[in-house]
Amino acid sequence: MYRKLKRTWSHNDLNYIPNLKKVFPELKQIGSEEMADRFIKLGLDFYTEEKTSVPLWLRFTMPFALIVMLLMFIGVPINFLCTGQWGYSLGKKNRLMNWFRSVRLQ
């Protein structure tokens, strides 16, 4: 997740904080430059999510990912009979789930 974040620079902080002055009415009296200087003094850093595109070779695997997902859905009752768990124990660092996330199926 951290590789998708992009740090904003000092004077662009206010552009990335939506409705800051609406949430905190006390800040209406403070100008943008003064608020940016206060953020710098406090050492606050703001990050935005950087949009990344899916590589072409990974997009070609999408039909296979859909087939694998369909087979997993069909295989849930068989998995329940074998293991006694309804569903798969797929963690955050599982290669299959990473593939589904990168193809944007999850």
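The values are calculated or read from the model by the stated rules, or taken from the named source; none is laboratory data. Predicted model, so just to flag it, every value in this text is computed and none were measured. Cβ atoms come from the backbone with ideal geometry, glycine included; neighbour counts cover every protein chain shown.
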Mind listing just one residue for me: the one in segment 49-89 that is among the hydrophobic types (A, V, I, L, M, F, W, C) and assigned to a loop (DSSP other than H, G, I, E, B) and, of those, nearest to the chain's Cα centre (by Cα)? Val54
Mind listing whichever residues of segment 61-106 are surrounded by 13 or more Cβ atoms within 10 Å (Cβ to Cβ) and of a type in the set (Gly, Ala, Ser)? Ala65, Ser102
Looking at Lys41 and the list (1) basic (Lys, Arg); (2) touching a strand residue (DSSP E or B) at 6+ places or on another chain (Cβ under 8 Å); (3) at pLDDT 70 or above, which single condition is not satisfied? (2)
